[in-house]
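Heads up: the structure comes next, in structure tokens.
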């Protein structure tokens, strides 16, 4: 039997990030063959993944960023089971490396991202290896992208909430872009403007408005008109361009954008928050 030294174990641990005892056992079972030991540890990770299929990975790290030319932004979510893991620097670093790869390749869907490689290893295998290392269910659950003339990203402290906002022009004021990205984070709009508000949401709000008016004893013939009035209030509160600017409630976001740069508007946004 090949003698396994402490140096061999430490070297494998450095390569894989697995625990010392796991590394030692992998080397023993594979007669000191490092490549086979690495494969052994990966398989262990896959077994852990299978055992944890019924577990909830509701914690995690939410990150967003933009390419160097600022025309493409991405948000990724790497989930885990516990808040302790979510706050771990190594776990956050893995999430950041996945985001960086998505940005470098301008990847638009999660399945493609999982097949991309970091230092010769697919992201899918990296996620599996993390399960073996950490002992929790780890999952790349979300990828969303925004493309525009200029895209701004914002990550709220704690890495549980991130936003992307696309603009129709190159921004003359960097702070303005951050202000709007933070507005999306704080106010959670349902759409950019009332014209692109989803039909099902509009219909739901009208029905709610009618029922509220009915409960207030309003005449049946007036319910539609009253509901439409309430709908306008909903647009004001829930569509980005019509919302009051958080930092200055005397103007809407649309007015704020126009005051900073002529004809400037938002073309797309994305917001993800861990509940």
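The values are calculated or read from the model by the stated rules, or taken from the named source; none is laboratory data. Since the model is a prediction, treat every value here as computed from it, not as a measurement. With ideal geometry, Cβ positions are generated from the backbone for all residues, glycine too; neighbour counts draw on all protein chains shown.
Picking from 188, 168, 232, 263, which residue would you name as being modelled with pLDDT under 95 and surrounded by fewer than 16 Cβ atoms within 10 Å (Cβ to Cβ)?
Going through 188, 168, 232, 263 in turn, just one is modelled with pLDDT under 95 and surrounded by fewer than 16 Cβ atoms within 10 Å (Cβ to Cβ): 232.
Under 6 Å between Cβ atoms, at least 6 apart or on separate chains: pull out the pairs that start in region 93-106 with a residue that is assigned by TED's automatic domain parsing to the domain that holds residue 66 and end on any residue that is part of a helix (DSSP H, G or I) and surrounded by 15 or more Cβ atoms within 10 Å (Cβ to Cβ).
Pairs that qualify, where the first residue is assigned by TED's automatic domain parsing to the domain that holds residue 66 and the partner is part of a helix (DSSP H, G or I) and surrounded by 15 or more Cβ atoms within 10 Å (Cβ to Cβ), are 98/123; 102/113.
Under 6 Å by Cβ, and 6 or more places apart or on different chains, what pairs join a residue from region 151-162 that is more than 20 Å from residue 81 (Cα to Cα) with one that is part of a loop (DSSP other than H, G, I, E, B)?
151/70
Could you check how many residues of region 171-185 are touching a residue at least 60 places away in the same chain (Cβ under 8 Å) and surrounded by fewer than 17 Cβ atoms within 10 Å (Cβ to Cβ)?
Result for region 171-185: 2.
Looking at 251, 243, which one is surrounded by 14 or more Cβ atoms within 10 Å (Cβ to Cβ), closer than 15 Å to residue 186 by Cβ and either touching a residue at least 24 places away in the same chain (Cβ under 8 Å) or in contact with a strand residue (DSSP E or B) (Cβ under 7 Å, 6 or more places away or on another chain) (or both)?
Within the list 251, 243, the selection yields 243.
Could you tell me whether any residue of region 12-31 is over 29 Å from residue 160 (Cα atoms), in contact with a helix residue (DSSP H, G or I) (Cβ under 8 Å, 6 or more places away or on another chain) and in a loop (DSSP other than H, G, I, E, B)?
yes
Considering each residue of region 24-51, count those that are within 28 Å of residue 105 (Cα to Cα), surrounded by 18 or more Cβ atoms within 10 Å (Cβ to Cβ) and over 25 Å from the mean Cα position of the chain (by Cα), and give that number.
2
When you scan region 198-213, do you find a residue that is surrounded by 13 or more Cβ atoms within 10 Å (Cβ to Cβ), under 27 Å from the mean Cα position of the chain (by Cα) and at negative phi, even just one?
Within region 198-213, one or more residues are surrounded by 13 or more Cβ atoms within 10 Å (Cβ to Cβ), under 27 Å from the mean Cα position of the chain (by Cα) and at negative phi.
Considering region 173-185 alone, what residues qualify as being modelled with pLDDT under 95 and in contact with a helix residue (DSSP H, G or I) (Cβ under 7 Å, 6 or more places away or on another chain)?
Selection gives 173 alone.
Restricting attention to region 52-96, report how many residues are loosely packed, with under 15 Cβ neighbours inside 10 Å and either in a helix (DSSP H, G or I) or at positive phi (or both).
5
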